[in-house]
């Protein structure tokens, strides 16, 4: 409960109009998960107390000292890390953290030195307070233990109390078992998140089955498949609007770290990007599928929408079966393919995906730069990476057409950039990245490559920490820009239809007259036959948007968060799309 109060007070700025009554509601409704967590943690001490009928007191006390020390430190670490990361992620600590901890240097690159020191101090204080509570409340009682002469009666009594722990653990005696959604009580998602016990949430996520095909079954498989096929199909009409000058341009794909729509199209913050939106093909209603880079990469390159509770990149055996834009382009003659990144390409299994799924072996990452260029926690700044790309393009003899991909990183926390124009660090990082991109484009315009080159700008996800005050499911958290520029673009145009990252594959390959039938979750945004919509997922929830409706559903509470009208049409389509994602993931 102390951790909940800290969480509430530290993050209360996220939502306006919070009151003391809201805090009481958080503590009251959250007590279910607190009791369940306490019940689980009490099972081992309860069994040891039973054994104290026969075992001497000193051994029991020594065991309890060690057990409570471990538990105090463990809960303190989970509580403090959860409070820190919530600002960046917008959801509680879950099993995905272990994927990132495989590369600890990268995982902690977003955290400043002061945050590490402050967090460590907070863990020490938090665990000390907890352990002091054990010493003065529980240990004093342990010191009064004695081996009884009549052992049967205390054994039966203690055993009954231990068995009775299943009541707080399960949350009662009904058929339903304790789950995160049981503490949801408010329309304001932050209050529901504040009520969640972070320790329960973490270990609950670890116990979730990897049998994805059995999860989220809203309809029978036949009905779900029928609804999905109607939404995502290959159009019969081949007369798709052509926005390119030819079918085989060079393609340079920029996947921009945390480029949210609003700052990326602000003429003061990002003057180059806002100008390119006027010069090229601008997709003004485009959305990220998720909130993390590892999921955004798969959505962009494989046309595979992100699951909120799983990252397919974590499962190389599954991700290796995905289609990918680079593989399809290679079949069409794009044999020269490279990836440029200033960070650690082994972070979050990215290398296995790039090589195994995309088939790209030529990866230029942090180790390919001299130490003097690795100027930030994440690695090499965008300016140096783009200089390397430009120099390679100018020096190499190209067997055109070619495919190059750049994954930027300077606009990632902690936003360590050599510009201090704005009070908000994130905006400085966007401004810096925009400057680097503009410098690259202007130089490329003066080269002979420009006339036959298509440049695509798309974000991996929007930032989750800016602007402040948005709910975790707010569609503004997922609104990102996509812009096509270059000499290969016929003329400027604005695409108002709704789409999301998974739609880039079909849209691009269709323009290049390359078969995209393997991208079953991707639709051609230039086809007049297809219904246009954007899909996104947040921490165990999902949403679908089109020109007339918005549908958002939370899986934890099993409730509709938002629906623009009373029509069931969008609800059925969104659920069928979501269910088909998990059926497909389970089948790979």
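All of the numbers you see were taken from the coordinates with simple rules; none came from a lab. Remember, it's a predicted structure, so these values are computed and weren't measured experimentally. Backbone-built Cβ (ideal geometry, glycine too); neighbour counts: all protein chains shown.
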Given 37 °C, 0.692 mPa s and a Kirkwood radius over Cα pairs, the Stokes-Einstein diffusion coefficient of segment 351-393 in µm²/s is 285
Residue separation between residue 5 and residue 116 times 0.36 nm, minus their alpha-carbon distance, gives in nm 37.8 nm
In degrees, nearest 10, the alpha-carbon axis of helix 113-133 is tilted away from the dominant principal axis of the alpha carbons of the chain by 20
With label points set 7 Å from each Cα along the Cα-to-Cβ direction at residue 98 and residue 266, the distance between them in nm comes to 4.0
Ranked output for segments 338-346, 363-371, 178-186 by mean other Cβ atoms within 10 Å, highest leading, reads 338-346, 178-186, 363-371
Going from the fewest other Cβ atoms within 10 Å to the most, one would list 453, 177, 207, 162 as 207, 177, 162, 453
Expected sort for 425-431, 132-138 on mean C-beta neighbours within 10 Å, highest first, is 425-431, 132-138
Proxy exposure order for 41, 504, 449 (fewest C-beta within 10 Å first) is 41, 449, 504
Unit-weight point scatterers at every alpha-carbon of segment 277-421, Debye formula, q = 0.21 1/Å: log10 I(q)/I(0) is -1.44
Computed over the chain: longest principal axis from alpha-carbon atoms vs helix 57-89 long axis, angle to nearest 10 degrees, is 30
Extension length gain for residue 450 and residue 179 (0.36 nm per residue less Cα distance), in nm, is 92.0 nm
For residue 476 and residue 221, extending 7 Å from Cα along the Cα-Cβ vector and measuring point to point gives, in nm, a value of 4.3
For the residue 332, residue 588 Cβ pair and Förster radius 41 Å, calculated FRET efficiency rounded to 0.05 is 0.95
Cβ density ranking, 10 Å radius, fewest first, applied to 569, 358 yields 569, 358
Rounded to the nearest 500, the 222 nm mean residue ellipticity computed for the chain from DSSP H runs (n ≥ 4, each -39500 (n - 2.57)) alone is -13000 deg cm²/dmol
At R0 = 35 Å the Cβ-Cβ FRET efficiency linking residue 164 and residue 57, nearest 0.05, sits at 0.90
re segment 2-206: pairs of Cα atoms spaced beyond 23 Å account for a percent value of 54
Here the relative contact order (percent) of the chain, from C-alpha pairs under 8 Å and at least 6 apart, is 22
Here the alpha-carbon Rg of the chain over 2.2 N^0.38 Å rounds to 1.07
From the Cα centre of segment 211-284 to that of segment 9-81, the distance in Å is 45
Between residue 48 and residue 321, the two model label points (7 Å from Cα along the beta-carbon direction) sit apart by a distance in nm of 4.6
For the chain, the longest principal axis of the Cα atoms and the Cα long axis of helix 569-587 enclose an angle in degrees, to the nearest 10, of 80
Counting only backbone N atoms under 11 Å from a point 7 Å out along Cα-to-Cβ of residue 387, the residues of segment 428-460 in range are none
What the 10 Å binned alpha carbon P(r) of segment 433-534 shows, as percent of pairs per bin from 0, is 12, 36, 34, 17, 1
For 121-127, 558-564, 534-540, ranked highest to lowest by mean beta-carbon neighbours within 10 Å, the order is 534-540, 121-127, 558-564
Note: residue 88 to residue 372 extended length (0.36 nm per residue) minus current alpha-carbon separation gives 99.4 nm
